[in-house]
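Quick notes on the structure that follows.
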Amino acid sequence: MGKKSKGGCLGWIIVLIVAAAVGFGIFVLVKKKQQSSNGGAAPVPGPPGAVTKKYAEALKTAMQFLEVQKSGKLEDNTITWRGDSALKDGKQAKIDLSKGMYDAGDHMKFGFPMAFTATVLSWAILEYGDQMQVVNQLEPAQNSLKWITDYLVNAHPSPNVLYIQVGDPVADHKCWDRPEDMTEPRPLTQVNISAPGTEVAAETAAALASASLVFKSSDSKYSDSLLKHAKELFTFADKYQGSYSVSIPEVQTYYNSTGYGDELLWAASWLYHATQDKTYYDYVTGKNGDDFADWGSPTWFSWDNKLAGTQVLLSRVSFFGSKDISNSQILQKYRESAEAVMCGLLPKSPTATASRTDGGLIWVSEWNALQHPVASAFLAVLYSDYMLSSRTAAFSCSGRSFRPSDLRKFATSQADYVLGNNPMSMSFLVGYGDKYPQYVHHRGASIPADATTGCKDGFKWLDSTEPNPNVAVGALVGGPFLNETYIDSRNNSMQAEPSTYNSAVIIGLLSGLVTTSSVVQSFT
């Protein structure tokens with residue numbers, strides 16, 4: 001009796017083992033099938049995870065330069081050496097242009113790069129606002145964005161008029177003074193029907209359309225106003241096509257435009273995201289795409305050329321849009337062009353650009369060298385996160401496969417170079433790290449706050465051998481030469497001058513790296 005019972009137990013044990021083995025086999029097959037169906041894609045990150053301390057500190061630092069650059073009557077001013085300035089800007093036209101931000105180390109308000117600053121800042125907030133929030137930088141980013149968009153709205157007093165510049169750059173550059181003390185003339189420059197400026201009007205439309213999404217849930221009335229101005233500006237830009245560099249030849253010395261087709265596509269893309277109106281989608285996928293998109297030819301993203309940004313932004317529609325739209329052959333051309341940009345950035349890609357320093361920094365321009373690598377790295381982080389969030393495992397560069405992690409690794413390498421992992425062991429982000437530029441080409445930073453100077457006698461501070469008395473905290477300077485040297489001199493504006501649009505792209509990049517999370521599938 002006992003032996004029979006023992007044999008029965010052994011039989012049941014064998015049955016259970018076999019059943020477990022079969023179950024495990026089925027589990028493995030199911031997992032393999034799942035992996036096959038999504039191409040071995042990496043898992044989608046959840047809510048923001050652990051914070052990377054160095055990027056959090058760098059982001060907080062970078063955000064402060066937007067405070068440094070503010071014009072007008074300052075609110076909750078955190079920069080002790082800054083005060084109210086340019087309070088009468090726009091008065092001669094009976095409009096208030098006192099807000100906005102100074103372009104760089106001078107006191108000019110150039111609408112074209114300022115609008116680009118706002119568009120990129122909006123994009124960063126829309127994609128990475130949750131990550132900014134984790135490190136308490138979302139509200140400062142929104143406040144700085146609104147400071148610019150308030151100015152841009154006022155600069156558009158009627159449908160076909162846009163004020164695109166405050167100040168005379170020739171007169172401005174003959175002075176070296178604090179913005180609080182400046183006495184030089186502040187003339188206004190506008191584009192209109194008889195003197196069109198398609199690129200600057202379209203970029204301003206992009207800025208206001210993207211910002212309308214940022215403020216949609218927190219201030220719907222303001223958001224609606226931004227969108228109204230964006231639509232009018234896009235209509236103006238498209239109907240009266242002409243380059244502002246032709247209409248106003250004087251702008252060529254400072255922010256010369258190489259064409260306006262990219263801005264039209266960029267603005268229409270943002271208006272599509274802001275409105276879901278298929279008219280704007282048809283605009284970028286119809287004849288205008290044929291005319292302006294230059295599919296398959298990688299370009300550098302900058303204040304002058306928005307094609308790479310447009311390609312990445314429209315790739316978002318390809319990744320997350322409804323099937324009837326995302327399967328569009330024209331949309332795929334934008335995505336393939338975006339991937340061509342990514343392939344050019346990855347060091348191990350067969351089509352990798354040779355335009356980089358020995359230390360691995362993308363290097364395109366001697367003047368403001370850091371603009372292109374930081375902007376490129378921002379796009380790479382975005383594309384990486386689009387792939388992760390859509391469970392896209394890889395993309396191909398001339399037959400070689402790359403994953404989202406490869407793009408993030410590239411972006412990290414550029415950020416780390418900027419923050420001090422370079423042959424000079426120097427941070428190019430002022431105020432971050434133990435070693436950073438001390439002689440930033442910036443008037444306000446170079447002159448003691450209690451100094452009394454006029455237009456001309458302030459030049460003694462430009463020529464001074466002493467470090468700046470005020471730290472232009474958060475300024476991203478121009479950057480290194482190709483041979484990875486940096487001359488820390490106030491007179492070296494090529495390397496030592498920061499700009500607000502540099503701030504926008506470094507804020508975008510750091511916001512994408514500060515922690516890990518997935519991106520939203522829709523901004524609305």
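Only helices (runs of 4 or more DSSP H) wholly contained in the stretch 255-298 count here; list those with 1 or more residues that are in contact (Cβ under 8 Å) with a residue 60 or more places away in the chain and within 19 Å of L208 (Cβ to Cβ). Lay out the reasoning, then the answer.
Working: elements: 261-275, 278-285, 287-292.
Answer list for the stretch 255-298: 261-275.
Looking at Q133, Q137, can you tell me which residue is at pLDDT 95 or above and more than 17 Å from the chain's Cα centre (by Cα)?
On the way: Q137 fails: more than 17 Å from the chain's Cα centre (by Cα).
Answer to the check: Q133.
With the requirement that a residue be of a type in the set (V, I, T) and under 17 Å from S122 (Cα atoms), what does the stretch 134-166 give you?
Initially, the stretch 134-166 is screened for residues of a type in the set (V, I, T), giving 134-135, 148-149, 153, 161, 164, 166.
Result: I148, T149, V153.
What number of residues within the stretch 108-130 satisfy the criterion of being aromatic (F, W, Y) and either open to solvent by 10 Å² or more (accessible area, probe 1.4 Å) or in contact with a strand residue (DSSP E or B) (Cβ under 7 Å, 6 or more places away or on another chain) (or both)? Break it down into steps so the answer makes sense when it comes.
Of all residues in the stretch 108-130, those aromatic (F, W, Y) come to 110, 112, 116, 123, 128.
Retained after the next criterion (residues that are either open to solvent by 10 Å² or more (accessible area, probe 1.4 Å) or in contact with a strand residue (DSSP E or B) (Cβ under 7 Å, 6 or more places away or on another chain) (or both)): 110, 112.
Residues that pass the stated criteria total 2.
Could we say that S223 is buried (at least 18 other Cβ atoms within 10 Å of the Cβ), part of a helix (DSSP H, G or I) and either touching a His at 6+ places or on another chain (Cβ under 9 Å) or in contact (Cβ under 8 Å) with a residue 60 or more places away in the chain (or both) here?
Working: buried (at least 18 other Cβ atoms within 10 Å of the Cβ): yes; part of a helix (DSSP H, G or I): yes; either touching a His at 6+ places or on another chain (Cβ under 9 Å) or in contact (Cβ under 8 Å) with a residue 60 or more places away in the chain (or both): no.
Judged against the criteria, S223 is not a match.
I'm told S194 meets every condition in (1) closer than 25 Å to N143 by Cα; (2) without any contact (Cβ under 8 Å) to a residue 24 or more places away in the chain; (3) small (G, A, S) except one. Can you identify the failing condition by its number?
Unmet for S194, out of (1) closer than 25 Å to N143 by Cα; (2) without any contact (Cβ under 8 Å) to a residue 24 or more places away in the chain; (3) small (G, A, S): (1).
Which residue out of Q133, Q69, Q137, Q92 is closer than 23 Å to Y436 by Cβ and open to solvent by 10 Å² or more (accessible area, probe 1.4 Å)? I'd like the intermediate steps shown before the answer.
On the way: Q133 fails: closer than 23 Å to Y436 by Cβ; Q69 fails: open to solvent by 10 Å² or more (accessible area, probe 1.4 Å); Q92 fails: closer than 23 Å to Y436 by Cβ.
Being closer than 23 Å to Y436 by Cβ and open to solvent by 10 Å² or more (accessible area, probe 1.4 Å) holds for just one of Q133, Q69, Q137, Q92, which is Q137.
Answer yes if at least one residue in the stretch 98-107 is in contact with a helix residue (DSSP H, G or I) (Cβ under 7 Å, 6 or more places away or on another chain), open to solvent by 30 Å² or more (accessible area, probe 1.4 Å) and assigned to a loop (DSSP other than H, G, I, E, B), and no otherwise.
yes
Condition first: in contact (Cβ under 8 Å) with a residue 24 or more places away in the chain and not in a loop (DSSP other than H, G, I, E, B). Now tell me which residues in the stretch 148-165 satisfy that. Explain how you work it out, then say what you get.
Keep residues of the stretch 148-165 that are in contact (Cβ under 8 Å) with a residue 24 or more places away in the chain, which gives 148-157, 159-165.
I148, T149, D150, Y151, L152, V153, N154, V161, L162, Y163, I164, Q165, listed by residue number.
Between a first residue in the stretch 491-517 that is farther than 21 Å from M387 by Cα and a second residue that is open to solvent by 10 Å² or more (accessible area, probe 1.4 Å) and assigned to a helix (DSSP H, G or I), which pairs have beta carbons less than 9 Å apart while being 6 or more apart in sequence or on different chains?
N491/L462; S499/Q371; Y501/Q371; N502/Q371
Applying the selection to the stretch 140-155, what residues are surrounded by 23 or more Cβ atoms within 10 Å (Cβ to Cβ) and not β-branched (V, I, T)?
A141, S144, L145, Y151, L152, A155, listed by residue number.
Might you let me know whether the stretch 166-178 holds any residue that is outside any loop (DSSP other than H, G, I, E, B), within 29 Å of I506 (Cα to Cα), touching a residue at least 24 places away in the same chain (Cβ under 8 Å) and out of contact with any Asp or Glu (no Cβ under 8 Å at 6 or more places or on another chain)?
No; the residues of the stretch 166-178 include none that is outside any loop (DSSP other than H, G, I, E, B), within 29 Å of I506 (Cα to Cα), touching a residue at least 24 places away in the same chain (Cβ under 8 Å) and out of contact with any Asp or Glu (no Cβ under 8 Å at 6 or more places or on another chain).
Do we find that D358 is acidic (D, E) and free of Cβ contacts under 8 Å to residues at least 40 places away in the same chain in this structure? Let's see the steps before the verdict.
Numbers: acidic (D, E): yes; free of Cβ contacts under 8 Å to residues at least 40 places away in the same chain: no.
No; evaluated as a whole, the condition is false for this residue.
Might you let me know whether the stretch 244-255 holds any residue that is surrounded by 16 or more Cβ atoms within 10 Å (Cβ to Cβ) and closer than 24 Å to S326 by Cβ?
Within the stretch 244-255, the first condition is being surrounded by 16 or more Cβ atoms within 10 Å (Cβ to Cβ), and the residues that meet it are 244-245, 247-248, 251, 254-255.
Subset that is closer than 24 Å to S326 by Cβ: none.
Looking for residues that are surrounded by 16 or more Cβ atoms within 10 Å (Cβ to Cβ) and closer than 24 Å to S326 by Cβ, one finds none in the stretch 244-255, hence no.
For D238, which of the numbered conditions (1) farther than 27 Å from S322 by Cα; (2) acidic (D, E); (3) open to solvent by less than 30 Å² (accessible area, probe 1.4 Å) fails to hold?
Unmet condition: (3).
Would you mind stating whether A205 is in a helix (DSSP H, G or I) and not acidic (D, E)? Break it down into steps so the answer makes sense when it comes.
Values: in a helix (DSSP H, G or I): yes; not acidic (D, E): yes.
Against the criterion (in a helix (DSSP H, G or I) and not acidic (D, E)), A205 qualifies.
Any idea how many residues of the stretch 76-105 are of a type in the set (D, E) and at pLDDT below 95? Outline the logic, then answer.
Taking the stretch 76-105 first, the residues of a type in the set (D, E) are 76, 84, 89, 96, 103.
So of that shortlist, the ones also at pLDDT below 95 come out as 76.
Final tally of qualifying residues: 1.
On the basis of being loosely packed, with under 15 Cβ neighbours inside 10 Å and within 18 Å of T52 (Cβ to Cβ), does S517 make the cut?
On the way: loosely packed, with under 15 Cβ neighbours inside 10 Å: no; within 18 Å of T52 (Cβ to Cβ): yes.
No; evaluated as a whole, the condition is false for this residue.
Does K306 fit the bill of being in contact with a Phe, Trp or Tyr (Cβ under 8 Å, 6 or more places away or on another chain), in contact (Cβ under 8 Å) with a residue 12 or more places away in the chain and open to solvent by less than 30 Å² (accessible area, probe 1.4 Å)? Show your work before the answer.
Numbers: in contact with a Phe, Trp or Tyr (Cβ under 8 Å, 6 or more places away or on another chain): yes; in contact (Cβ under 8 Å) with a residue 12 or more places away in the chain: yes; open to solvent by less than 30 Å² (accessible area, probe 1.4 Å): yes.
When the stated conditions are applied, K306 passes them.
The values are calculated or read from the model by the stated rules, or taken from the named source; none is laboratory data. Just so we're clear, the structure is a prediction, and the values are computed from it rather than from any experiment. Cβ: placed from backbone, ideal geometry, glycine included. Neighbour counts: every protein chain shown. For accessibility, only protein heavy atoms count, side chains too; no ligands or nucleic acids. Shrake-Rupley method; radii C 1.70, N 1.55, O 1.52, S 1.80 Å.
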